[in-house]
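Read the structure below first, then the notes.
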Amino acid sequence: MIRLLRALIDTAALRHNLGTIRAFAPGSKVMAVIKANAYGHGLVSTALALADADSFAVARLEEGMALRAAGVRAPIVLLEGVFSAEQLGEAAHHGFELVVHDPLQLKLLEAHRGAERLRLWIKIDTGMNRLGFRPEAFAGALDRARALTVPALELRVMTHLARADEPDVIMTCDQVARFERTLSDAGLAGGQRLATSIGNSAGTLGHRRAHGDWVRPGLALYGVSPFAGEPAEKFGLRPVMTLETTVLTVRDVKRGETVGYAGAWRAERDSSIAILAAGYGDGLPRHLENGTPVLIGGARFPLVGRVSMDMIAVDVTGAARIAAGGKAIVWGAGLPVEEIAKHADTIPYELLCGVSQRVPLELQ
């Protein structure tokens, strides 16, 4: 089937990026974060492409169950944990590793009578103030976890970094120090040490002390830099998704005429305007600004007018050989999604996760 708009997924780039991340953290195992449909790249297909990852991390039970249904047998971590006895039973049945960050979850575990082995990640809140036990509450949570009547129990510890993508901010060092101090105060040193996980993508690439025994890369796996102003190429990463669309038509617009809804753009000269099959119904932000680049035939052309549900307009005045049926790149190879995010006043995460379900994913 010929598709007007598609997201091309470079599975070789996925594997390359995994290898690059391993090189940055050679002493750590890799927990590949594939939540939110693998940041828009396809949950199951991404897991299959990253079969060499040491484990996978998803946010919720449903995501883990979808992976198991597809035959993925690798360890899977539920980053938000579970919140009912029924969920706990399902998670234990499927062998999921659970993040424990709230007393409710400890209560559920204390009441659980299953015979399955459990691996728990106790989360310490070192400053994110989102999920996790505060340092002063960690020792008590650890004692309760150790007292669980589970046939086979393994405990690990993790935290999450709030500002690791800001290299000059001291908070990351403070968080790591708080994490280490909390473990030491709880007696988790020397022979009592538990496996740790600290670094997200930014922590993995930019803060060696923040690696831990397990790193948890997400954005970097997909070939996107977590640092504003620092391109992915600097870290040896390759973009995985290319959002490719089609030229529907090329129109002549006279000087003084407007293009699109509300007449938001007016031609200052006689112009050629290419209409492309992509819009907010596909996940493009409606507020993409005029001048946002689009790649056609290897050259950049500016978006003009408002983003419609199914179409955008691009000024191709003076360009040769642009006609209906031609291909264009909204972001991807040659046009980093980080750059488009700036024009949308957002972050790459939102653009990638926002690609709508009507956009087919095609593996390369």
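May I ask you to list the residues in region 224-283 that are assigned to a helix (DSSP H, G or I), over 30 Å from Ala202 (Cα atoms) and either touching a helix residue (DSSP H, G or I) at 6+ places or on another chain (Cβ under 7 Å) or among the aromatic types (Phe, Trp, Tyr) (or both)? Step through it out loud before you land on a result.
Keep residues of region 224-283 that are assigned to a helix (DSSP H, G or I), which gives 232-235, 261-263, 280-282.
Subsequent filtering for residues that are over 30 Å from Ala202 (Cα atoms) retains 261-263, 281.
Within region 224-283, just Tyr261 meets the criteria.
I want to confirm something. Restricting to region 140-184 and keeping residues that are among the small types (Gly, Ala, Ser) and under 26 Å from Arg113 (Cβ atoms), which single residue is modelled with the lowest pLDDT?
As a first pass, look at region 140-184 and keep what is among the small types (Gly, Ala, Ser): 140-141, 145, 147, 152, 162, 164, 177, 184.
Then keep just the ones that are under 26 Å from Arg113 (Cβ atoms); that gives 140-141, 145, 147, 152.
Numbers: Gly140: 97, Ala141: 98, Ala145: 97, Ala147: 95, Ala152: 89.
It comes out as Ala152.
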For region 84-122: of the residues being among the polar types (S, T, N, Q) and farther than 13 Å from Ala141 by Cβ, which is surrounded by the most Cβ atoms within 10 Å (Cβ to Cβ)? Gln87
Within region 49-83, restricting attention to residues that are within 20 Å of Gly114 (Cα to Cα) and touching a Ser or Thr at 6+ places or on another chain (Cβ under 9 Å), which residue is surrounded by the fewest Cβ atoms within 10 Å (Cβ to Cβ)? Pro75
If you check every pair at least six apart or on different chains, which have Cβ atoms under 8 Å apart with a residue in region 330-357 that is closer than 12 Å to Leu219 by Cβ first and a residue that is aromatic (Phe, Trp, Tyr) second? Val337/Trp331; Tyr349/Tyr39; Leu351/Trp331; Leu352/Tyr39; Leu352/Tyr222; Cys353/Tyr39
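Thr126 - would you say it is assigned by TED's automatic domain parsing to the domain that holds Ser28, of a type in the set (Ser, Thr, Tyr) and within 27 Å of the chain's Cα centre (by Cα)? Explain how you work it out, then say what you get.
Values: assigned by TED's automatic domain parsing to the domain that holds Ser28: yes; of a type in the set (Ser, Thr, Tyr): yes; within 27 Å of the chain's Cα centre (by Cα): yes.
Answer is yes for this residue.
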For region 298-323, enumerate the residues that are surrounded by 17 or more Cβ atoms within 10 Å (Cβ to Cβ), small (Gly, Ala, Ser) and assigned to a loop (DSSP other than H, G, I, E, B). Gly305, Ser308
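Residues being of a type in the set (Lys, Arg) and either closer than 16 Å to Phe83 by Cβ or in contact with a His (Cβ under 8 Å, 6 or more places away or on another chain) (or both): count how many of those fall in region 105-136. Before the answer, list the steps.
First, the residues of region 105-136 that are of a type in the set (Lys, Arg): 107, 113, 117, 119, 123, 130, 134.
So of that shortlist, the ones also either closer than 16 Å to Phe83 by Cβ or in contact with a His (Cβ under 8 Å, 6 or more places away or on another chain) (or both) come out as 107, 123, 130.
Residues flagged as of a type in the set (Lys, Arg) and either closer than 16 Å to Phe83 by Cβ or in contact with a His (Cβ under 8 Å, 6 or more places away or on another chain) (or both) within region 105-136 amount to 3.
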So which of Leu108, Leu104, Leu142, Leu98 is under 23 Å from the mean Cα position of the chain (by Cα), in the same structural domain as Pro26 (by TED's automatic domain parsing) and not β-branched (Val, Ile, Thr)? Leu98
Pairs, first closer than 14 Å to Glu154 by Cα in region 103-116, second among the hydrophobic types (A, V, I, L, M, F, W, C) and not in a helix (DSSP H, G or I), C-beta under 8 Å, six or more apart: Leu109/Val100; Leu109/Leu118; Leu109/Leu120; Leu109/Leu148; Leu109/Val150
Does region 266-281 contain at least one residue that is buried (at least 19 other Cβ atoms within 10 Å of the Cβ), within 24 Å of Gly223 (Cα to Cα) and aliphatic (A, V, I, L, M)? yes
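Condition check: modelled with pLDDT of 95 or more, surrounded by 17 or more Cβ atoms within 10 Å (Cβ to Cβ) and under 29 Å from Asp315 (Cα atoms). Does Glu244 satisfy that?
Numbers: modelled with pLDDT of 95 or more: yes; surrounded by 17 or more Cβ atoms within 10 Å (Cβ to Cβ): yes; under 29 Å from Asp315 (Cα atoms): yes.
Considered against the rule, which asks whether it is modelled with pLDDT of 95 or more, surrounded by 17 or more Cβ atoms within 10 Å (Cβ to Cβ) and under 29 Å from Asp315 (Cα atoms), Glu244 comes out as yes.
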Per the filter on region 176-204, residues among the small types (Gly, Ala, Ser) and more than 31 Å from the chain's Cα centre (by Cα) are Ser184, Ala186, Gly187, Ala189, Gly190, Gly191
Only one of Arg68, Arg22, Arg119 is of a type outside the set (Gly, Ala, Ser) and either outside any helix (DSSP H, G or I) or at positive phi (or both); which? Arg119
Picking from Ala57, Ala92, the residue that is hydrophobic (A, V, I, L, M, F, W, C) and not in a helix (DSSP H, G or I) would be Ala57
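The values are calculated or read from the model by the stated rules, or taken from the named source; none is laboratory data. The structure presented is a predicted model; accordingly, all values stated were derived computationally and were not measured. Cβ: placed from backbone, ideal geometry, glycine included. Neighbour counts: every protein chain shown.
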